[in-house]
Amino acid sequence: MSRVTLAESAGFCFGVKRAIEMAYAEIEKNNGEPLYSYGPLIHNKEVTNDLDKKGLHIIESLEGVDKGTVVIRSHGVGKFLYDALEEKGMKMVDGTCPFVKKIHNIVNEAWNEGKSVIIAGDGKHPEVMGINGWCGNSAIILESPEEAQAAELDTDKKYAVVVQTTFRQSKFDDMIEILKGKGLNLDISQTICSATEKRQKEAMELSRNVDKMIVIGDKKSSNTQKLVEICKKNCENTVHIETICDLVLKNFECGDKIGITAGASTPPAIIKEVVVTMSEENVKVEEMSFEQMLEESLVTLHTGDVVKGTVIQVVGEEVSVNLGFKSDGVIPRGEFSRDTTVVPSQVVKAGDEIEVFVVRVNDGDGNVLLSRKRIEEQKGMEDIEKAFNEKSVVAGTVTDVVKGGLIAIVNGVRVFIPSSQVSNRFIEDLSVFKGQELEFNIIEMDRVKRRIIGGRKALVEQEIAAKKAALFETIEAGKKIAGTVSRLTDFGAFVDLGGVDGLIHISEMSWGRISNPREVLKEGQAVEVFVLDVDKEKGKISLSLKDASMNPWTLAVEKYAVGTVVEGKVVRMVPFGAFVELEPGVDGLVHISQIANKHVVKPEDELKVGEVIKVKVLEVNSEQKKISLSKRQAEAPVEEAPAEEAPAAE
């Protein structure tokens with residue numbers, strides 16, 4: 001008994017199937033208006049004849065056509081047709097395969113940027129002709145490595161290279177190597193359809209392992225011709241048929257291993273007819289039967305189903321998805337992700353396979369309403385529930401600051417973090433967390449009410465405790481360390497030393513006199529500080545900005561020698577005199593008796609705060625940090641020394 005193996009990807013690809021479904025849908029809702037297909041919708045006479053009988057007529061130009069609807073074939077067309085239809089005010093149904101549409105966009109963008117376009121493919125094929133129409137029909141079309149070798153191209157130009165979706169990958173690779181060898185500036189886009197590549201790979205592997213090979217497809221179909229070419233290289237007994245009528249059964253013998261594949265334009269009914277006919281001839285069908293294939297192609301959908309589909313396009317951030325159903329699916333922007341910052345066009349593209357949730361089978365416009373957000377929620381909810389039960393840490397991105405806390409997204413699920421749980425201390429402005437990724441625990445969860453609460457307080461306290469323990473192991477008085485000012489008060493500044501705060505008292509901020517810490521520091525400022533004292537039991541660290549080696553009193557005895565007259569600024573008045581700043585950190589006292597050469601009742605009668613005066617140093621005690629000064633003596637006239645007597649003349 002013979003054995004038959006049917007290639008898994010034989011028959012309609014999703015792009016062709018989509019175009020056919022769109023055409024039949026348009027026929028069903030047609031109200032008597034003319035309905036046209038611009039060129040054959042696909043390369044298959046059986047399908048195009050059936051469409052013609054039902055009212056979809058093929059035209060090759062718009063001459064004499066001024067009203068009605070035009071369905072654009074899956075191979076696509078040039079920009080001229082879109083412009084002409086718009087000018088005539090005619091309705092258009094775009095059945096262009098998403099993979100082909102992607103090439104149109106690449107070519108048009110490159111052309112607008114001034115690049116020359118190279119298309120690897122058959123110049124007479126409608127797909128290639130359509131692609132060329134998006135660069136003003138100026139493309140260089142190369143069909144073989146020989147043509148690539150012979151092409152005279154300019155090394156000073158920039159070339160955008162695309163390839164026909166059904167082109168042989170190996171042939172394209174050879175052509176690219178040749179073009180690269182010419183030293184050209186190439187921007188290469190790999191645009192061979194993944195379905196085509198898969199179908200050709202399956203055909204190659206299948207034809208190597210059978211005695212006879214059957215390829216089903218229209219004689220004019222480019223992708224079918226390539227399948228025949230591939231199969232014949234590996235299996236001499238390869239036959240190409242369009243329908244069961246072309247199959248000569250007497251050429252098949254009992255015991256033959258037979259492989260079957262079909263081009264992308266071959267409808268399931270024709271494949272089924274071949275399989276059934278051969279089955280009647282006692283041929284055993286193995287692997288994927290047509291019935292299975294047919295069942296897969298006629299998907300049944302229900303609300304609540306989770307299914308896989310292929311992205312057709314993203315327009316206005318609304319994602320269209322092919323589900324293998326009679327209607328396409330649509331994911332509105334609001335149903336794409338729980339994370340409102342996600343932009344669909346930046347995440348998915350035409351041809352991507354994605355998993356979706358069926359919200360409604362008919363959204364009122366004939367489309368299937370889908371949600372990707374609900375898939376995220378289901379999976380995310382499972383992860384969160386696991387983290388809640390295991391008391392493990394989760395990470396989420398803060399998307400909103402709301403009354404009373406933050407909203408973070410964890411695997412597509414919203415988690416509320418109350419302001420009291422954001423940190424171990426009160427934070428006035430929570431907006432600083434927006435856009436940040438935070439780690440926290442799930443401290444409360446009600447899956448039915450979808451109430452999920454996160455908390456960072458305990459986590460932050462654990463982190464601080466660990467950092468504090470590590471810091472207290474190494475820190476000691478006299479060390480110089482780096483930190484960041486975390487908070488300012490009237491009496492000083494708290495400095496974050498890496499999870500643990502130390503205090504700089506206002507008296508330790510400058511050798512000079514300051515009235516407020518904000519004169520010296522600001523929050524968020526990076527500083528280097530000296531450790532004055534460490535109290536491990538109380539967990540306190542005293543810091544200073546003052547470098548002991550720069551203490552001005554160290555040099556005061558030499559700098560302000562007794563008898564020296566210097567300038568200083570009056571900084572403070574007391575009943576018994578005035579304090580004068582000689583330099584930041586060094587003050588001296590002018591006793592009331594040393595202010596003037598007269599009786600002074602109050603220092604304010606003779607001096608003003610801020611006034612710069614000359615004073616004479618009377619006494620210096622650097623240990624007690626005291627200097628006695630006199631304004632009266634600094635202003636006393638210098639007595640002239642008595643003149644020396646001239647020596648007697650000899």
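The overall shape of region 228-276 is oblate: from the C-alpha gyration tensor, with semi-axes ordered a ≥ b ≥ c, the ratio a/c is 1.5 or greater and a/b is no larger than b/c. For the chain, build the charge dipole from Cβ charges (+1 Lys, Arg; -1 Asp, Glu) around the Cα centre, then report which of 89, 206, 443 sits farthest towards its positive end. Positive-most Cα among the choices belongs to 443. Seen from a random direction on average, the alpha-carbon convex hull of region 475-550 projects onto 4.8 square nanometres. Listed by chain and number, the lysines placed with their C-alpha closer than 16 angstrom to that of residue 538 are 467, 468; residues fewer than eight positions away on the same chain are left out.
Pairs to check: 53/233; 102/373; 102/326. Give those whose C-alpha atoms are more than 29 Å from each other in this structure. Don't skip to the answer; put the middle values down first.
On the way: 53/233 39 Å; 102/373 26 Å; 102/326 23 Å.
Check vs 29 Å cut-off fails for 53/233.
For region 381-453, the convex hull spanned by the alpha carbon atoms encloses 83 Å³ per residue. Alpha-carbon geometry of region 552-635: the Rg and the Dmax are 11.8, 35 Å, given in that order. With Cα atoms defining each centre, region 511-573 and region 379-394 are spaced 53 Å apart in the structure. Between residue 306 and residue 146, the distance separating the two model label sites (each 7 Å from Cα on the Cα→Cβ line) works out to 5.5 nm.
Here's the picture: charge each Lys and Arg Cβ at +1 and each Asp and Glu Cβ at -1 in the chain, and of 586, 119, 150 the one pushed furthest to the positive end of that dipole is 586. Here region 306-371 is assigned +1 on the Cβ of each Lys and Arg and -1 on the Cβ of each Asp and Glu. Its dipole about the Cα centre then comes out at about 100 debye.
Quick check: residue separation of residue 466 and residue 362 times 0.36 nm, minus the Cα distance between them. What number comes out in nm?
Details: separation 104, 0.36 × 104 = 37.44 nm, distance 5.67 nm.
Additional length available on full extension: 31.8 nm.
Using +1 on the beta carbon of Lys and Arg, -1 on that of Asp and Glu, and nothing else charged, what's the dipole of the chain about the Cα centre, debye to 20?
Working: 82 positive and 104 negative charges, 250 e Å.
Dipole of the chain, to the nearest 20 debye: 1200 debye.
In this structure the amide hydrogen of residue 532, modeled in the peptide plane, comes within under 5 Å of the amide hydrogens of 478, 542, 543, 544, none closer than 5 places in sequence on its chain. Remark: spin-label model distance residue 8-residue 583 equals 8.5 nm, labels positioned 7 Å along the Cα→Cβ axis.
Comparing 100, 139, 172 along the charge dipole axis of region 99-192, the residue lying farthest to the positive side is 100, per the Cβ-charge model.
Using every pair of distinct Cα positions in region 306-371, the Kirkwood expression returns a hydrodynamic radius of 11.6 angstrom. Decide, for region 419-494, between rounded, prolate and oblate: order the square roots of the alpha carbon gyration tensor eigenvalues as a ≥ b ≥ c, take rounded if a/c falls under 1.5, and otherwise choose prolate if a/b is larger than b/c, else oblate. Note, shape of region 419-494 comes out prolate.
Set the Förster radius R0 to 25 Å, insert the Cβ-Cβ distance between residue 257 and residue 190 as r into 1/(1 + (r/R0)^6), and round the FRET efficiency to 0.05. Taking R0 as 25 Å, the efficiency between residue 257 and residue 190 is 0.15. Mind running the shape call on the chain? Use the C-alpha gyration tensor, a ≥ b ≥ c as the square roots of the eigenvalues: rounded below 1.5 for a/c, prolate if a/b tops b/c, oblate otherwise. It is prolate, given that a/c is not under 1.5 and a/b is the larger ratio.
Would you mind calculating the relative contact order of the chain from Cα pairs under 8 angstrom and at least 6 residues apart, reporting the percent as a whole number? Could you put the intermediate results ahead of the total?
Values: 1266 pairs, mean separation 49.8, N = 650.
Result for the chain is 8 percent.
For region 49-123, the relative contact order comes to 26 percent (Cα pairs under 8 Å, sequence separation of at least 6). Here r is the Cβ-Cβ distance between residue 112 and residue 236 and R0 is 51 Å; the resulting FRET efficiency, rounded to 0.05, is 0.55.
Residue separation of residue 27 and residue 427 scaled by 0.36 nm, minus their Cα-Cα distance, works out to 137.6 nm of gained length.
In region 607-632, which residues have a backbone nitrogen under 20 Å from the label point lying 7 Å from residue 597's Cα in the Cα-to-Cβ direction? Residues 607, 613-618, 629-632 fall inside that zone.
Modelled spin-label separation between residue 571 and residue 391, with each label point placed 7 Å from Cα along the Cα-to-Cβ direction: 5.6 nm.
If the chain linking residue 522 and residue 619 were pulled fully straight, counting 0.36 nm for each residue of separation and taking away their Cα-Cα distance, it would gain 31.0 nm.
Across region 306-371, the mean sequence separation of Cα contacts (distance under 8 Å, 6 or more residues apart), normalised by length, yields a relative contact order of 38 percent.
All of the numbers you see were taken from the coordinates with simple rules; none came from a lab. Just so it is clear, the model here is predicted, and its values are computed rather than measured. We place every Cβ from the backbone using ideal geometry, glycine too, and count neighbours over all the protein chains shown.
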